[in-house]
Amino acid sequence: MDRLILLYEQMKKLRETGVRMKDISEETNIASSVLSSLYSSVLPVYVNLRSNGEDPEKSLDQALQQVNNVSKRKLLGCLDALYEKVCHIDARFINTKNNGRPFLDDIEKEAVKYLPNAGVYTGLYLAYSSSSFSDGLKVEPYMIASITDGDTMPKVYSQSMSGEYYTGVGLFSPFQIGYLMFNEQKRLQLALKVVYLQPQLLSTQTF
């Protein structure tokens, strides 16, 4: 059977049992951003084309057009070794490392699906929200950082009116919806806050 199809089925099995892309990256020594692109974009397209009777070579070429961080030469060169490593990952062992944070793991698992789409939101924004100190709006800057190797979610930053800086993570879908999650306290607490971001610089993307 096609090794790429087998690889996709094995990765899908691992992801469905709760294994994070970061864990697969650590076991295979391949950047999680590359594995995410491979799993969420390249392999699904390839499998679909092959199921429709397309030639393997043409199917792979067309599937690789979906991303810009997966090399055909490198993929084919490491395919056998990658498949063997993925097959030997013990899902139960990996799951025990993170069984204390299932909620955050679920968020991260969903975020990985949309990681290839997150890059379009990179940039500096201004957030307008109601002020608790006056009748007007307060304006606060937000920054969504570029995706780097090993990231499963983009890092986001904000500055409050008092000048304090906060760091968090973002979860973005391809439907112009994004969630920025910050923790303003030393102890973890989750509170919903809706903001409208106006893009700065040359970016024209909004959500």
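The values are calculated or read from the model by the stated rules, or taken from the named source; none is laboratory data. Fair warning: this is a prediction, and the values are worked out from it, not measured in the lab. Note that each Cβ is placed from the backbone with ideal geometry, even for glycine, and that neighbours are counted across all protein chains shown. We work out accessible area using only protein heavy atoms, side chains counted, and drop any ligands, DNA or RNA first. Shrake-Rupley method; radii C 1.70, N 1.55, O 1.52, S 1.80 Å.
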Next on the checklist: Given the options LEU38, LEU7, LEU64, LEU14, name the one that is closer than 16 Å to HIS88 by Cβ and touching a Phe, Trp or Tyr at 6+ places or on another chain (Cβ under 9 Å).
Outcome noted: LEU7
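If a residue counts only when it is without any contact (Cβ under 8 Å) to a residue 12 or more places away in the chain, which helices (runs of 4 or more DSSP H) contained entirely in segment 15-92 have at least 2 such residues?
43-51, 56-64, 72-87
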Checklist outcome for this item: The one condition ALA63 fails out of (1) modelled with pLDDT of 90 or more; (2) open to solvent by 60 Å² or more (accessible area, probe 1.4 Å); (3) of a type in the set (Gly, Ala, Ser) is (2)
Checklist entry - Is it the case that ASN117 is in a helix (DSSP H, G or I), modelled with pLDDT under 90, open to solvent by less than 90 Å² (accessible area, probe 1.4 Å) and of a type in the set (S, T, N, Q)? => result yes
